[in-house]
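To start, the structure itself, in structure tokens.
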Amino acid sequence: MRGGGLGGGLASKAERTTSRRGTIRAAAGEQPKAKPDLRKAFPKVWELVRPRRWLLLFGLVLVAVNRVAGLILPISTKYLIDGVLNPKSPHPGRLLPLVGAIFAATAIQAATSFSLTQLLSKAAQRMIADLRKQVQQHIGRLSVSFYDSNRTGVLVSRIMTDVEGVRNLIGTGLVEFVGGMLTALMVFTYLLISNARMTLIVFAVIAAFVLVLQRAFKTIRPIFRERGKINAEVTGRLTESLGGVRVIKGYHAEEREATVFAGGVQRLLDNVMRSLTATSTMSFAATTVLGIVGGLVMLIGGHGVLTHRMTVGGYFQFTALLAFMIAPVFQIVNIGTQLTEALAGLDRTMEILAEKDEFSDPERVHALGPIEGNVTFDDVRFAYETDKPVLHGISFEAKPGTMTALVGSSGSGKSTIISLVCAFHKPDSGRVLIDGIDLATVRLDDYRAQLGVVLQESFLFDGTIRENVVFSYPDATEEQFLNACRIARVDEFAERFPEGYDTIVGERGVKLSGGQRQRLSIARAILANPRILILDEATSSLDSESEAMIQAGLAFLMEGRTTFTIAHRLSTIRKADQILVIEQGQIVERGTHASLYELGGRYYDLYTRQHGLETNLFLAPGEGDVVEEAK
């Protein structure tokens with residue numbers, strides 16, 4: 001069976017309400033999640049680094065060579081002053097070899113610096129690309145309830161922005177950090193041998209500064225973590241605003257949206273200001289320490305030269321090398337900030353990767369071949385929240401090739417039943433059976449490949465008409481594609497465009513009418529050739545003429561398939577094999593249109609009120625209200 005045309009989730013109103021409340025709590029900063037354990041994050045980093053471990057090891061070797069070559073120049077100052085330029089015993093013949101050694105060291109340093117940038121920086125970018133693909137793939141496999149609880153813009157930020165900082169864990173940030181520490185260690189060892197007393201005094205001052213830095217980074221890291229969260233929220237709201245621009249303009253809400261966005265930007269600015277205050281404080285402390293160290297070296301070194309315990313060359317060599325030891329420590333202010341930001345982004349990425357994807361459910365081990373489409377609900381009970389049950393003992397059977405219609409008032413549980421048919425959720429008790437097999441044990445990819453969905457609000461990608469139709473079956477032949485378009489009456493408008501089937505439909509199909517978008521969705525479902533078909537008020541956005549044109553397409557689509565439909569217009573389900581009237585999570589009536597109409601119960605009431613509205617334009621206010629679709 002070809003790939004299912006699952007056009008999107010049928011999220012319930014209860015879920016959407018829970019989602020909105022959760023988003024508000026998150027925006028207000030309430031109930032923050034527990035901070036992830038970084039010990040669990042580093043194995044994930046290692047998983048990404050492992051394929052490049054030899055490249056990384058080679059890069060560290062290059063770092064060592066680069067730093068050793070960089071020390072040649074400051075070390076040579078002692079030999080230049082005391083050995084070559086010494087007024088008492090000059091040695092001009094040593095000048096050229098010394099200069100040659102410096103040139104050679106400089107060439108080595110330049111070559112290794114170039115190689116490090118080419119190797120590690122490019123490797124870091126490849127790692128970012130791999131991690132982005134991994135996060136996107138993982139998010140794509142998460143349950144519908146996860147999407148109900150997270151804004152699209154936030155998820156985009158997790159994939160594109162949070163991952164970006166990870167480059168510092170293997171790229172230039174790592175090179176500077178490791179290289180700086182290596183240089184400081186080598187210089188410290190050399191200076192300790194040449195002048196232990198002055199080295200230990202300077203080291204004591206620097207060590208105290210490092211302890212202050214360590215405490216400062218513990219303070220600044222939560223700031224960066226909060227920045228990522230605020231940025232994701234602001235991006236999410238901006239994405240929603242741009243996507244809903246017609247609603248915003250229709251209600252003249254531009255200023256309100258601008259105010260909301262400005263508030264988010266202000267929160268982001270406040271966070272940046274806090275981080276700048278922290279980093280500037282660290283820079284102030286670094287400058288102060290640098291001045292103290294400089295004064296101590298001048299005092300102790302100058303006294304050593306005057307008392308002939310140190311040569312002039314030795315003093316200048318110590319001063320030059322000291323800069324190579326101190327500089328990496330002060331670079332930690334910048335590098336450490338980068339690494340802290342990278343780890344904060346990694347925290348958020350790990351949160352996403354820690355979410356359990358619905359395909360890894362250990363209970364779903366049953367491989368499913370081609371199905372007949374017999375769907376049975378056996379005393380199914382379900383609740384989104386423990387104390388708020390939605391379904392109460394739902395039992396029915398939908399046989400292959402039949403149409404089951406769900407009707408009822410808003411919030412009755414219709415969409416929840418459809419969500420269970422789509423395996424978006426599992427029953428709390430009872431079973432949903434597919435050809436006698438418990439759906440909770442079936443592999444989702446096997447099952448959903450045999451589902452087709454035509455939603456009330458058709459979702460289209462910003463691509464061509466052809467790309468949107470073949471989305472459900474990318475390997476379709478041209479004949480199959482054209483046949484699906486003819487059945488759904490897509491050809492009647494597509495072939496009038498200058499670009500034909502290669503016409504760009506715009507974001508969410510904005511360049512097409514509602515009826516044209518719906519016909520595309522139906523063509524997509526026809527091409528998928530599903531065994532179980534979900535119609536969520538598939539003709540609600542069509543005018544009477546368009547609806548009449550595609551009824552034949554729907555009839556073809558439903559033929560031989562198990563069809564579930566949620567209906568607003570009850571006149572469209574008169575030919576249904578069974579109609580289930582759902583109220584407060586229970587089936588209160590079931591039967592055909594004729595039998596339920598004759599019964600004179602709830603269905604009769606709904607149908608006659610709607611039929612009256614359609615035929616009488618002079619009803620009293622409040623009479624004949626069209627029954628809304630409900631859960």
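Read the figures in this text as sums done on the coordinates, not as results from a lab. Because the structure is a prediction, the values reported are computed rather than measured. Every residue, glycine among them, receives a Cβ derived from its backbone with ideal geometry; neighbour counts consider all protein chains shown.
The relative contact order of segment 377-615, computed from alpha carbon pairs under 8 Å that lie at least 6 residues apart in sequence, is 27 percent. For segment 435-500, the mean projected area of the C-alpha convex hull, equal to one quarter of the hull surface, is 6.5 nm². Sequentially through segment 506-523, phi angles give Karplus couplings (6.51, -1.76, 1.60; θ = phi - 60°) of x, 4, 6, x, 5, 7, 10, 6, x, x, 5, 4, 5, 5, 4, 4, 5, 4 Hz, Gly and Pro residues having no value and appearing as x. The protection proxy used here, the mean number of other Cβ atoms lying within 10 Å of each residue, ranks peptides 358-369, 492-503 as follows, highest first: 492-503, 358-369. Each peptide among 560-567, 276-283 gets the average number of other Cβ atoms lying within 10 Å of its residues, and from highest to lowest they stand as 560-567, 276-283. For segment 377-615, the Kirkwood hydrodynamic radius from C-alpha pairs, put into Stokes-Einstein at 4 °C and a viscosity of 1.567 mPa s, yields a diffusion coefficient of 69 µm² per second. Placing one equal scatterer on every Cα of segment 65-201 and applying the Debye formula, the log10 ratio I(q)/I(0) at q = 0.16 Å⁻¹ is -0.94.
If you put +1 on each Lys and Arg Cβ and -1 on each Asp and Glu Cβ, how big is the dipole of segment 47-206 around its Cα centre, in Debye rounded to 20? Could you put the intermediate results ahead of the total?
Numbers: 16 positive and 7 negative charges, 39 e Å.
Computed about the Cα centre, the dipole is about 180 debye.
Ranked by the mean number of other Cβ atoms within 10 Å of their residues, highest first, the peptides 412-423, 396-407 come out as 412-423, 396-407. Taking the Cα of THR117, stepping 7 Å toward and past its beta carbon, and measuring to each backbone N in segment 51-89: which are under 20 Å? Counting backbone N atoms under 20 Å from the label point, the list is 56, 58-71. By the gyration tensor of its Cα atoms, with a ≥ b ≥ c the square roots of the eigenvalues, what is the shape of segment 263-417: rounded for a/c under 1.5, prolate for a/b over b/c, or oblate? Note, shape of segment 263-417 comes out prolate.
Determine, from the Cβ-Cβ distance of GLU492 and GLU467 and an R0 of 25 Å, the FRET efficiency 1/(1 + (r/R0)^6), rounded to the nearest 0.05. Can you show the working numbers first?
Values: r = 19 Å, r/R0 = 0.77.
So, using R0 = 25 Å, E works out to roughly 0.80.
Between THR189 and VAL210, take the C-beta separation as r, use R0 = 30 Å, and let me know the FRET efficiency to the nearest 0.05. Walk me through the numbers before you get to the answer.
On the way: r = 17 Å, r/R0 = 0.57.
Between THR189 and VAL210 the formula returns 0.95.
Relative contact order, whole percent, for segment 351-445 stands at 39, derived from Cα pairs under 8 Å and 6 or more residues apart. Given a cut-off of 20 Å, what percent of all Cα-Cα pairs of segment 334-422 lie beyond it? Everything past 20 Å amounts to 62 percent.
With both labels modelled 7 Å from their Cα along Cα-to-Cβ, the LEU242 to PHE359 distance reads 2.9 nm.
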